[in-house]
Amino acid sequence: MSLGYYKFTVSSDNSGQTLKTFLRREVGISARSMTVLKYAGMGIIRSGIEIKAHDLVNDGDIIEIQLPPDSNDAELVEGRLDILFEDDFLLIVNKPYGMPVHPVKVHQLDTLSNIVAYYQQSRGESYTFRALNRLDKDTSGCVIIAKDRIAYSLVQPTVEKKYIAVCEGEISEGGVIDAPIALEPNSKIKRCISSDGDPAVTHYKPLDCANSHTLCELRLETGRTHQIRCHMSGIGHPLAGDDMYGGSLDYIQRQALHCRDVSFIHPVTKEKIIINTEIPEEFFAIMNTPS
């Protein structure tokens, strides 16, 4: 098997559909990916013969797709990757805090994208860096990288994430925060709860309380920028170390937020994959440090 190679079998339920309908409705390939395939010059193959988008597919047909190669344009930088899972379709890593996911103006060579580009070259691979979930620079944890556009479009709707955070104050029971989030006026970065914002829903559950802090598990229904940080601050429990949203730097110098778990449906095997990481030791240190 090679990068960007897919093989799908048409079932009796899909017999008589056009190829385009089969790939979009039953396989989940996006319209954009269909366009790329159409003009890539590599085609979609059935029984060794190229098949067009409006041709009909039949029960038992084997449809083969080989995506054209693409590349990560980030500069190559050697660095350590904590790899949690990898195959021909996905790479999942445990990102350390302090590392941006993508290059930005002030971070051109110290990003996850740079290190993944170097890692690709060392393995003789080449693919565009497509992160399915984007963590803030100072948030650690699981980042899922799709190795091609089909993997991205198939996996993205199935991704579920759980975060661990250390919040200030004692939270005795779980709850749901349903509060819209918008960009704070006169800021290019900070978010705020606002009736004019985009819908945002956060589920939180306390795991332990100590030293006037609560270790919480959080799950998002939406993926707004700074959602957990903004929401927990909004209910009076900012994250430790998150001075942008009112958290103290007394115990930790970055927001105490970690993407601990991710799960998704694999784009080829259709198995549910669950990836776990350890909670950072510094989170327990916050809980165990005497006031």
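Considering only 59, 70, 242, give the residue with the highest GNM mean-square fluctuation for the chain, with springs between Cα atoms whenever their separation is below 10 Å.
59
Which whole-number percentage describes the relative contact order of the range 232-276, with Cα contacts under 8 Å and a sequence gap of 6 or more?
In percent, rounded to a whole number, it is 23.
Quick one: Cα convex hull volume of the range 62-128, Å³ per residue? Can you show the working numbers first?
Values: hull volume 6.8 nm³, N = 67.
Given the Cα convex hull of the range 62-128, per-residue volume reads 102 Å³.
Explain nothing, just the number: relative contact order of the chain, from Cα pairs under 8 Å at least 6 residues apart, as a whole percent.
15 percent
Lys pairs in the range 150-291, Cα-Cα under 28 Å, at least 8 apart or on separate chains: how many?
Step by step, the pairs that qualify in the range 150-291 add up to 12.
With the radius of gyration and the Kirkwood radius both derived from the Cα set of the chain, what is their ratio Rg to Rh? Could you put the intermediate results ahead of the total?
Working: Rg = 21.9 Å, Rh = 21.1 Å.
Using only Cα positions, Rg/Rh for the chain is 1.04.
Beyond 22 Å, what share of the Cα-Cα pairs of the range 1-159 remains, rounded to the nearest whole percent?
47 percent
Using only the alpha-carbon atoms of the range 32-81 as identical scatterers, what base-10 log of I(q)/I(0) does the Debye formula give at q = 0.13, 0.30 Å⁻¹?
-0.46, -1.25
Normalise the Debye intensity by I(0) for the range 160-259, one equal point scatterer per Cα, no solvent, then take log10 at q = 0.17, 0.19 Å⁻¹ and round to two decimals.
Normalising to I(0) and taking log10 leaves -0.69, -0.87.
So for the pair residue 109, residue 34, with labels modelled 7 Å out along Cα→Cβ, what separation do we get in nm?
Distance between label points: 4.5 nm.
Taking Cα pairs under 8 Å and at least six residues apart, what relative contact order does the range 1-120 come out at, in percent?
28 percent
Would you look at the GNM of the chain, springs on alpha carbons closer than 10 Å, and say which of 270, 20, 147 moves the most?
Comparing 270, 20, 147 in a Gaussian network model of the chain, the most mobile one is 270.
Run the reach check for residue 147 against aspartates and glutamates, Cα to Cα strictly under 15 Å, same-chain hits fewer than 8 apart removed. What comes back?
70, 73, 86, 87, 88, 125
Please give me the summed charge of the neighbours of residue 168: other residues whose Cβ is under 11 Å from its Cβ, Lys and Arg +1, Asp and Glu -1.
-3
FYI, it's all coordinate maths here, none of it is from the lab. What you see is a predicted model; the values in this text were computed from it and never measured. Positions of Cβ are backbone-derived with ideal geometry, glycine not excepted, and every protein chain shown enters the neighbour counts.
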